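For reference, the structure is listed below as structure tokens.
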Amino acid sequence: MENIAVGIAKLIEQTLEIRGACPECNAALYGWKTKNKDGSDRCAPTCMACGYYALQLKVDADTNKRYVLSLRKKNHDLFKYRSVITDHALFDKSLDNYQTKEEETAVAMTHAVDFIKDVLSGNPTHMILSGKSGVGKSHLCMAVCWAILEDSKYTKKVLFINYRELLERRKASFNDQMENKNQIALLQDIKTVDFVVIDDLGAELGGNGIKDSTSFNNDVLYSILEARQNKALMVNTNLTSEEIKNAYGERILSRILKNARQHSMQFLRTTDKRIKGV
């Protein structure tokens, strides 16, 4: 090691010369002894100590950039490929293309923006959207998902779950060992990620009346809501609070409404966007 150090020292002595002191750390500034053909310096004098530090900063910055890009891809892919969506065109919905021409949709937008700020602040807040089909509830839920992902620079883990489809997949997985493991893992993700949308709650009850929720349905729903009662959650449903209580019971209603005092929104007069073609 000593011979190497001596060799490097001789090489520096032969090729470089001291050109003063570094204004940052007071170490020696080195410049090339040989000059360009026109007599100008080959480069500005350089501090080896600060140069090493600058190189280390660049390495650290590059490492951090790769980490950020990796995290962005991981959480983007989690959202796109682990969410339970029946219509993938829903992924195109955002706050930018959410229609606010009617009074209720404008109010809903205001609630959504405030809710997003709460979620990004780390508050265990809930938002409930209720009302008839076709008024843009799913659109707004998807828009909130994208806003939370983008505004957090993809540091938040987000899932959008169509509840009826989730139940169907869970039931179908019982006869498939690998799929059963996958669905169990998905349920664990739903319980633990930073933000979850439960979309179209109540659609799984069908047209047979709001009191027909099965024990299987209630067990799955309660396990999710129990885990998320102090985590950020958004629920979209066609049911009123009274109908939710009748269908699923008081315990489930209380878990949904917990932390939702500021962000509940019921659509009563908004027109059906699907009929209007907007």
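I need the peptides 159-165, 14-20 ranked by packing, meaning the mean over residues of other C-beta atoms within 10 angstrom, with the highest value on top.
Packing proxy ranking, top to bottom: 159-165, 14-20.
When we measure straight from the Cα of residue 35, which aspartates and glutamates land under 16 angstrom away, once same-chain ones fewer than 8 places off are left out?
Qualifying aspartates and glutamates at Cα under 16 Å: 13, 17.
Which entries of 117/171; 101/156; 156/245; 156/258; 153/191 have Cα-Cα distances beyond 25 Å here?
117/171; 101/156; 156/245
Around residue 144, with a cut-off of 14 angstrom between Cβ atoms, what is the net charge of the other residues, counting Lys and Arg +1 and Asp and Glu -1?
It works out to a net charge of -3.
Would you mind telling me which residue in 74, 101, 93 has the biggest mean-square fluctuation in a Gaussian network model of the chain, where springs connect alpha carbons within a distance under 10 angstrom?
Taking springs between Cα atoms under 10 Å, the residue moving most is 101.
Divide by every residue of the chain the summed helix terms, -39500 (n - 2.57) for each DSSP H run of at least 4, and state the resulting mean residue ellipticity at 222 nm, rounded to the nearest 500 deg cm²/dmol.
Working: 10 runs with 142 residues, N = 278.
When only DSSP H runs of four or more count, the value is -16500 deg cm²/dmol.
For the chain, what does the relative contact order come out to in percent, with C-alpha contacts under 8 Å and a separation of six or more?
So the answer I get is 21 percent.
Taking the alpha-carbon set of the chain, what are its Rg and Dmax in Å?
Rg then Dmax for the chain, in Å: 29.3, 92.
Counting Lys +1, Arg +1, Asp -1, Glu -1, what net charge surrounds residue 110 among other residues with beta carbon under 15 Å of its beta carbon? Write out the running numbers ahead of the final one.
Numbers: positive: 101, 117; negative: 102, 103, 104, 114, 118.
Net local charge, residue 110 excluded: -3.
Sorted from fewest to most neighbouring beta carbons within 10 Å, what does the list 198, 224 look like?
Numbers: 198 24, 224 21.
Least crowded to most crowded, the residues run 224, 198.
For the chain, give the share of DSSP beta bridges that are antiparallel, in percent and rounded to the nearest 5; count only bridges with both residues there.
Of those bridges, close to 25 percent are antiparallel.
Would you grab the residues whose amide H sits under 5 Å from the one on residue 239? Only those 5+ places off in sequence or on another chain, please, with H modelled 1.01 Å from N.
Answer set, sorted by chain and number: 131.
Rounded to the nearest Å, what's the spacing between the alpha carbon centres of region 120-171 and region 214-237? Just the number, please.
So the separation of the two Cα centres works out to 13 Å.
Please list the helices of the chain that count as membrane-span-like by this rule: a mean Kyte-Doolittle hydropathy of at least -1.0 together with Cα atoms stretching 27 Å or more along the helix axis, each helix being a complete DSSP H run.
48-82
Starting at 0 and stepping by 5 Å, how many percent of the alpha carbon pairs of region 106-254 end up in each bin?
2, 9, 19, 22, 20, 16, 9, 3, 1, 0
Compute a Gaussian network model of the chain, connecting alpha carbons closer than 10 Å, and tell me which residue from 134, 39, 31 fluctuates the most.
Looking only at 134, 39, 31, the largest GNM fluctuation is found for 39.
Computed from the coordinates by the stated procedures, all read-outs in this text should not be read as laboratory data. Keep in mind that this is a model prediction, so the values were computed, not measured. Glycine also receives a Cβ, built like all others from the backbone with ideal geometry; neighbour counts cover every protein chain displayed.
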